[in-house]
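Pasting a structure below so you can have a look.
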Amino acid sequence: MSLDGLLTALGAIANTLFVLAGFYIYLSLIRQIGARSPAEVGPTKQFGFPEVVCAVALLTWFLLNLVASILTANRPMQIETGDLVLNASVSIGLLLFLAAFLRFRGFDVNSLAGFSKPGFGRILSTGLVLLLAAYPLIALADALIQRFAGIGPGKQEIVELFSNSQTLDQRIMIIFLAVAIAPIAEEFIFRFFFYGLIKRYLGRATGLIVNSLLFAAVHAHLPSFGPLFVLGGCFTIAYEWSGSILVSMAMHALFNSATLVALAFPQAIPP
């Protein structure tokens with residue numbers, strides 16, 4: 001066997017081991033979640049009909065944005081600073097509205113979302129470890145989509161935004177959106193609220209699947225649907241296992257940060 005063939009074989013073995021390790025870690029988390037007694041689940045107050053109405057309204061909003069994204073998918077992307085500011089304002093507004101709505105309904109958001117459970121160091125280290133375990137699963141999903149669906153990788157929205165930005169101010173705003181605002185807003189809405197609501201009525205497994213489907217769909221990027229579905233599932237498992245939405249927020253922020261670093265240094269970091 002030639003040296004190139006040996007290196008290729010070793011690379012294939014390493015990739016297989018990484019994928020198996022990722023599966024093992026997340027299956028272990030799922031087993032630990034399933035083994036918990038009802039007393040360990042957390043606060044007893046449950047989402048109800050008003051939260052269902054709120055969720056339907058939010059989903060309608062996301063659906064309208066999804067349709068608009070599909071209709072304008074073939075148009076050249078032109079980045080305007082005002083649009084980025086509006087995007088950030090809408091995300092923050094939705095987050096504040098949902099938090100205020102839940103507090104008005106009598107929910108202890110701080111306790112329910114696990115904001116006070118782990119310390120910063122534990123949040124960051126747990127998020128980093130679980131994200132590293134998720135990467136092989138994301139890569140496997142991407143490879144399967146390309147192999148069996150014949151869909152190329154394409155560019156994710158964050159990559160297109162950063163690549164088409166024209167000024168330093170725009171790039172700083174995109175980084176702020178990707179690393180701070182999007183992880184906080186999306187994790188609170190999708191993992192804490194949508195998943196919590198679906199789990200309340202349909203159970204953990206259905207909540208995991210439906211929530212991951214919604215998370216992948218609202219990004220309106222077909223080539224990334226499979227990887228985003230897996231990523232959303234890993235975020236959900238991390239949140240359910242840790243009991244703190246801060247862990248999935250940290251994972252989301254680290255994932256977006258890694259994407260931007262890979263975009264900034266394409267020669268040093270493989271896609």
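Scan the range 90-106 and give yes if some residue there is in a loop (DSSP other than H, G, I, E, B), farther than 22 Å from residue 205 by Cβ and at pLDDT 85 or above, otherwise no.
yes
Only one of these conditions is not met by residue 220: (1) over 28 Å from residue 146 (Cα atoms); (2) hydrophobic (A, V, I, L, M, F, W, C); (3) surrounded by fewer than 19 Cβ atoms within 10 Å (Cβ to Cβ). Which number is it?
Result: residue 220 fails condition (1) only.
Sticking with this one: Of all residues in the range 196-228, which are under 17 Å from residue 256 (Cβ atoms) and touching a Ser or Thr at 6+ places or on another chain (Cβ under 7 Å)?
220
I've got another one for you. Quickly run through the range 199-227 and pick out the residues that are more than 12 Å from the chain's Cα centre (by Cα) and more than 16 Å from residue 141 (Cβ to Cβ).
Answer for the range 199-227, where residues must be more than 12 Å from the chain's Cα centre (by Cα) and more than 16 Å from residue 141 (Cβ to Cβ): 199, 200, 201, 202, 203, 204, 205, 206, 207, 210, 220.
Looking only at residues that are modelled with pLDDT of 90 or more and hydroxyl-bearing (Ser, Thr, Tyr) in the range 1-27, which one is most open to solvent (accessible area, probe 1.4 Å)?
24
Mind listing whichever residues of the range 199-216 are surrounded by fewer than 18 Cβ atoms within 10 Å (Cβ to Cβ) and assigned to a helix (DSSP H, G or I)?
Scanning the range 199-216 gives 200, 201, 202, 204, 205, 206, 209, 210, 213.
Answer with yes or no whether residue 224 is in contact (Cβ under 8 Å) with a residue 24 or more places away in the chain, polar (S, T, N, Q) and within 18 Å of residue 95 (Cα to Cα).
No: the conditions fail for residue 224.
Can you pull out the residues in the range 101-120 that are more than 24 Å from residue 194 (Cβ to Cβ) and open to solvent by less than 50 Å² (accessible area, probe 1.4 Å)?
Within the range 101-120, just 119 meets the criteria.
Give the range 179-198 a look and list any residue that's within 11 Å of the chain's Cα centre (by Cα), farther than 15 Å from residue 110 by Cα and either without any contact (Cβ under 8 Å) to a residue 12 or more places away in the chain or open to solvent by 10 Å² or more (accessible area, probe 1.4 Å) (or both), or say none.
182, 186, listed by residue number.
The values are calculated or read from the model by the stated rules, or taken from the named source; none is laboratory data. This one's a predicted model, so the numbers in the text were calculated from it and none came from an experiment. Ideal geometry is used to build each Cβ from the backbone, glycine not excepted, and the neighbour counts take in all protein chains shown. These area figures cover heavy atoms from the full protein model, side chains too; ligands, DNA and RNA do not enter into them. Shrake-Rupley method; radii C 1.70, N 1.55, O 1.52, S 1.80 Å.
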